[in-house]
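Colleague: The structure is given below, and queries will be raised subsequently.
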Amino acid sequence: MSLLGETVEVDHWSSGSVGAVATLLPFPKRDGGIRMSPSLMTGTDPGPFQLRRDTRDLPQAVGTLAGALPARDLATVLAKANRTAVRKGSTTAFGSMAPKPADWYCFDAGDNDTTDWYPQGVASSSEAGHKDVQAFAVTWYWKPDGKATERGVRVSFLNTATRKYRHVLLVEPKGSSYNPINIHAGGVAWYGDLLYVADTSRGIRVFDTRHIYEVDGDDDKIGLKGGKYHAFGYRYVMPQVDFWSATGAARFSFAAVDRTQSPHLLVSGEYVDPADEPGRVGRVVRWRLEADGTLAAGADGLAPAAHAFTLPAAKIQGALSHEGRWYLSQAASAVKNGSLLVVADGQAPQVRKFPVGPEDLTCWIEKRQLWSLTEFRGRRVLFAVPV
């Protein structure tokens, strides 16, 4: 049903092979007539995505916090979760998408309506390789109306068994204190105990779920002040433990893990809007992971990218490779449905309808589900479609 270089839009969700196509529709024009029709993915130079391990004094600073604050494991954080998601709740996020996703969770009213925080990245405990917990991790970045003290980035851990979730503030440790991290956090990948958070222009920051600490300070302060640790009212902080810095002209807009390759792979890549950067083509890249979850690097601390490809379309918000196929989440606008591009090796993308404002991607391997989330106020939802 698809010729080389031809674009196909799929009007339904297939429960089997992604090649099973029913109704074929022309790919629409979007955003003031800019044609965003996909092309083929092609191999490209991975050199700009080489990363350098830049640990600096992070371990020492985390060690100081460990000696000053009570540590809490992820099970404890989930057990003390203080917010409730609504499974298959009412939402306008799906727009004209039909049928609806296979499953979804709506954030509570406060998180759905806030203009201060915007969800971006998503990762699953399945992606991480955990069997003892079933959870999602969702990153949010701080973007308040008007002037306000920078509060950085938070991650929400959602227990699917209870539908309870809790926000944990991500912080950069410094000496005996810590600071908020002012980044977009467009994507998060979870492997073992490690969270890889995309830092758009700098590289990838690393956090460790074995290093979560409880604080009890005031809601208007951050770090160690007056002999107490503060986190803008959040009960838990997770300090950065490592950093992989960019060595070339690359962008890091999303993140995921491919556990279907050996060795397992970390995925990231570039969001490009042709309205802002005419002629620029985004790229997606993969690095090999060691068994302990760290990037495979040489003695010089350099981690070369294993593979790099040009993206077949603009405005890609999330990318995941799984069982030899690429899944790409494409934005449209704050009121129009996005798209999911499914790309088999050497073939033109198949295009499926996605909700309004789709972001990062992750896979729940055992359920054979692809999960994403939407970012816009009033329509924030974590949702699944079949792979």
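Only the coordinates and a few stated rules stand behind these numbers; no lab work does. What you see is a predicted model, and the numbers here were worked out from it, not measured in a lab. Using ideal geometry, Cβ is built from the backbone for each residue, glycine included, and neighbour counts are taken over all protein chains shown.
Colleague: Under 19 Å from the Cα of LYS131, which aspartates and glutamates turn up, not counting those fewer than eight places away in the same chain?
Modeller: ASP73, ASP193, ASP208, ASP258, ASP292, GLU366
Colleague: Please give the charge dipole size of the chain, origin at the Cα centre, charges +1 on K and R Cβ atoms and -1 on D and E Cβ atoms. Round to the nearest 20 debye.
Modeller: Working: 44 positive and 41 negative charges, 134 e Å.
Magnitude of the dipole: close to 640 debye.
Colleague: Over the chain, what is the relative contact order in percent, taking alpha-carbon pairs closer than 8 angstrom and at least six residues apart?
Modeller: Value for the chain: 22 percent.
Colleague: How much net charge surrounds ILE183 when only the other residues with a Cβ under 13 Å from the Cβ of ILE183 are counted, with Lys and Arg +1 and Asp and Glu -1? Display every interim value, and only then the final one.
Modeller: Values: positive: LYS143, ARG151, ARG154, ARG202, ARG205, ARG251; negative: GLU150, GLU172, ASP199.
Net local charge, ILE183 excluded: +3.
Colleague: Report Rg/Rh for the range 143-255, rounded to two decimals, where Rg is the Cα radius of gyration and Rh the Kirkwood radius.
Modeller: Numbers: Rg = 14.5 Å, Rh = 14.9 Å.
Dividing the radius of gyration by the Kirkwood radius yields 0.97.
Colleague: What full-extension length gain, to one decimal in nm, is calculated for ASP116 and ARG56 as 0.36 nm per residue of separation minus the Cα-Cα distance?
Modeller: Working: separation 60, 0.36 × 60 = 21.60 nm, distance 3.14 nm.
Roughly 18.5 nm would be gained on extension.
Colleague: Let me ask something additional. Over all distinct Cα pairs, what is the inverse of the mean 1/r for the chain, reported as the Kirkwood hydrodynamic radius in Å? Intermediate values should be presented prior to the final figure.
Modeller: Values: mean 1/r = 0.0475 Å⁻¹.
Value: 21.0 Å, from the Cα pair sum.
Colleague: Ranking request for peptides 237-250, 94-107: highest mean number of other beta-carbon atoms within 10 Å first, then the rest in descending order.
Modeller: Working: 237-250: 19.9, 94-107: 18.0.
Descending mean neighbour count gives 237-250, 94-107.
Colleague: Still on this structure, I have one more. Step through the residues of the range 232-249 one at a time and calculate ³J(HN,Hα) from phi using the Karplus curve (6.51 cos²θ - 1.76 cosθ + 1.60, θ = phi - 60°), rounding each to whole Hz and writing x for Gly and Pro.
Modeller: Using θ = phi - 60°, the values come out as 6, x, 6, 7, 10, 10, 10, x, 5, 10, 7, 8, 10, 8, 5, 10, x, 7 Hz.
Colleague: Which whole-number value in Å³ per residue fits the convex hull of the alpha carbons of the range 234-387?
Modeller: Values: hull volume 24.7 nm³, N = 154.
With only Cα atoms used, the range 234-387 gives 160 Å³ per residue.
Colleague: Which net charge results for the neighbourhood of ALA61, defined as the other residues with beta-carbon distances under 10 angstrom from its beta-carbon, given Lys and Arg at +1 and Asp and Glu at -1? Mind dumping the intermediate values first?
Modeller: Details: positive: ARG56, LYS174; negative: ASP57, GLU172.
Net charge around ALA61: 0.
Colleague: Order of 320-329, 257-266 by packing, highest average Cβ count within 10 Å first? Don't skip to the answer; put the middle values down first.
Modeller: Numbers: 320-329: 20.5, 257-266: 18.9.
Ranking the peptides 320-329, 257-266 by packing returns 320-329, 257-266.
Colleague: Helix 58-68 versus the longest principal axis of the chain: what angle, 0 to 90°, nearest 10, using Cα atoms?
Modeller: Taking the Cα atoms of the chain, the angle to 58-68 is about 50 degrees.
Colleague: Given the rule -39500 (n - 2.57) for each run of at least 4 DSSP H residues, summed and divided by the residues of the chain, what is its mean residue ellipticity at 222 nm, to the nearest 500 deg cm²/dmol? List each step's numbers first, then the result.
Modeller: Working: 4 runs with 26 residues, N = 387.
The helix-only estimate for the chain comes to -1500 deg cm²/dmol at 222 nm.
Colleague: Using the structure shown, list the pairs from LYS174/LYS336; LYS315/LYS367; LYS221/LYS353; LYS100/LYS164; LYS221/LYS367 with a Cα-Cα distance above 32 Å, or answer none.
Modeller: Details: LYS174/LYS336 43 Å; LYS315/LYS367 28 Å; LYS221/LYS353 43 Å; LYS100/LYS164 23 Å; LYS221/LYS367 42 Å.
Beyond 32 Å: LYS174/LYS336; LYS221/LYS353; LYS221/LYS367.
Colleague: Also, quick follow-up: Tell me the net charge near ALA79. Cut-off is 11 Å between Cβ atoms, ALA79 excluded, with +1 for each Lys or Arg and -1 for each Asp or Glu.
Modeller: Details: positive: ARG72, LYS80, LYS164, ARG166; negative: ASP73.
Residues close to ALA79 contribute a combined charge of +3.
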